[in-house]
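Right, one structure below, let's go through it.
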Amino acid sequence: MTALLALAVIASFGALTVAAHAGAAGALFWTSVIAATGLAAWLVQRLGDAPERGLPSLGAPLVFGAALLALWEVLVVGLSVPMVLLPAPSAIALRMASAGPLLWQDFTQTFLKAVLAGYAIGCGAGFMLALVADRVPFLRRGLLPLGHLVAALPVVGIAPIMVMWFGFDWPSKAAVVVAMTFFPMLVNTVAGLAAAGALERDLMRSYAASPGQTLWLLKLPAALPFIFTALKVNAPLALIGAIVAEFFGSPTYGMGFRITTEAAKLALDLVWAEIIVAAVAGSAFYGLVALAERAATFWHPSVRS
Amino acid sequence: MSRNLLPVLTICAGLILLWYGGAIWMNWQVVADTQARAGATPGLMDMVRLTLNHARPLLPAPHQILDELWRSTATLPVTSRRSLVHHAWVTLSAALVGFGMGTAVGVLLAVAVVHIRALERSLMPWIVASQAVPVLALAPIVIVALGAMGLEGLLPKAIIAAYLCFFPIAIGMVKGLRAPDAMARDLMRTWSATPAQMFWKLRLPASLPFLFAGLKVAMAAAVVGAIVAELPAGAQAGLGARLLAGSYFGQTIQIWAALVAAAILSATLVGALGAAERAVARRMGMRA
């Protein structure tokens, strides 16, 4: 039954897309659009109510997303919405295919250079300072409130200053990313290093473990979930920081540069293509960190269950 | 808190010292070049004085920023286009309107997700996925698209701020509305509570701490959203416009002053939410 319904939804939206592109936009067309949307909603409802069996839990959101995309295409083409407002998914896909090298160049500049370099330096520096702060209580008590305060501040605003200091190319963007990722890492790692219980610490002392051994064998493993939380929070932050920093000046390529200039030229299909690249890169980055977390903290209750 | 006061002050003092040292170091070359061109050979103390009072320094000293802040807030009329109060208000109003809209959307979404099972399975993953889109990168599109529809000024900025806001609120609220355990829900049922009573008397009060945690994250995000939304449109007013204009004309002190103003604005708003949270918790008899 569900499979039949799915087939009906696919067939009806397929036909509607073809009809929309052929220029049919009469009363019959719009009635069919409403009917097809109803069918899709029913399918989502059925999948959502189905008992969890692994596949359906993924099925409902996928169908929902696909239906939304199909509806977007049909509505934009059927209503002939101007490109300036919202390009059709097919137009974006065509542009992604034709502008491949350009997108790759922007991706290299912004993601592979600025984001990755800034992320590594920012997280690394935050981690190092947290290790020091863990050994010096005075430093820890002074740094933690400041770290929490910075979370409430618009850090990305330092972009114009970084552009002034480090020039238009990617190092200035990496510097913004460093500033954005540093404090979440510091605060989380400090909290994580304090997470090991007093009992375990006393046990290490009774084994006459050196501070280095205590750190390596007890505190760091206990801190891993916290460190990965910071790594996950920082992944999208880093991408946003690099893109926004490019709004303040960049060489004539880069994702943020492309988005602003093409939006000003009203070439919105290219802008959307760039956004999709950014979204996929951001999700993949986050996903990789999450996978690494599962591999590294396999013993933690939140992963085991 | 008072236990942390001394360490925090020490570190702040250290940072300010570092800042002055950095200002001397970073501005040294510029000052030395100007002096050499003028044929002057200033002594060490003169050099330090010049580096800390340069008009367009690479890194302005803290007192220069405070001076600029004071000049552009207190000595100018609030209506002046050069007044920082004026610019801060433009950004603040957009951030607050966006925060209001984002809160409404986030809370409604959370209530819907908790009560309608099919929505949870189909919508929730997309709420999460919507955050994978680097939202701030969407800012130029939103501005251009809304501009084509004739909407300009405050509303496009507020919409961007709202998009950034709704997610932490929705996630926190869903978690909060689910916080009452089966025992509490069963108790309500034995009292034959209606679904509405269940919602108003159990789920909503239980969700407040989670809601406030989300609100605080969202408030900071709304300020960032309002500032960044001012960048691509070439806005005439607002803290973001101040940052952009400062970076075009090399007015470092102006950039820093706008940045400090943004920081104060954001910290005050988040602090106010924290105070509201404590007041609400006290009224509800929760002692933190």
- Query: Of the residues that make up the range A:191-199, is at least one in a helix (DSSP H, G or I), of a type outside the set (D, E, K, R), under 30 Å from B:L269 (Cα atoms) and within 28 Å of the chain's Cα centre (by Cα)?
  - Reply: yes
- Query: surrounded by fewer than 22 Cβ atoms within 10 Å (Cβ to Cβ) and farther than 30 Å from A:R141 by Cβ: does that describe A:G197?
  - Reply: no
- Message: Could you check the range B:159-193 and list, in sequence order, the residues that are over 14 Å from B:L108 (Cβ atoms) and of a type in the set (F, W, Y)?
- Response: B:Y163, B:W191
- Query: Is it fair to say A:A152 is in a loop (DSSP other than H, G, I, E, B), under 26 Å from B:T252 (Cα atoms) and within 11 Å of chain B (Cβ to nearest Cβ)?
  - Reply: yes
- In the set B:V128, B:V78, B:V133, the lone residue that is modelled with pLDDT under 75, among the β-branched types (V, I, T) and not assigned by TED's automatic domain parsing to the domain that holds B:F199 is B:V78
- Go over the candidates A:L218, A:L199 one by one and state the one that is over 23 Å from A:M180 (Cβ atoms), at pLDDT 85 or above and touching a Lys or Arg at 6+ places or on another chain (Cβ under 9 Å). A:L218
- If only one of A:V177, A:V136, A:V233 is within 11 Å of another protein chain (Cβ to nearest Cβ) and closer than 23 Å to B:A226 by Cα, which one is it? A:V233
- Hey, among A:T252, A:T260, which residue is within 14 Å of chain B (Cβ to nearest Cβ), polar (S, T, N, Q) and farther than 17 Å from A:A120 by Cα? A:T260
- Residues being touching a Ser or Thr at 6+ places or on another chain (Cβ under 8 Å) and within 15 Å of B:V135 (Cα to Cα): count how many of those fall in the range A:251-270. 2
- Query: Out of curiosity, is A:F226 surrounded by fewer than 22 Cβ atoms within 10 Å (Cβ to Cβ), assigned to a helix (DSSP H, G or I) and touching a residue at least 60 places away in the same chain (Cβ under 8 Å)?
  - Reply: no
- Item | Residue ID - nearest to the other protein chains (Cβ to nearest Cβ), chosen from residues in the range B:203-231 that are surrounded by fewer than 24 Cβ atoms within 10 Å (Cβ to Cβ) and either charged (D, E, K, R) or not in a helix (DSSP H, G or I) (or both) | B:K216
- Task: Return yes or no: is A:V81 within 14 Å of chain B (Cβ to nearest Cβ) and free of Cβ contacts under 8 Å to residues at least 24 places away in the same chain?
- Result: yes
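The values are calculated or read from the model by the stated rules, or taken from the named source; none is laboratory data. No experiment lies behind these values; they were computed from the predicted model shown. Don't worry about glycine lacking a Cβ; one is built from the backbone with ideal geometry, like all the others, and counts go over all protein chains shown.
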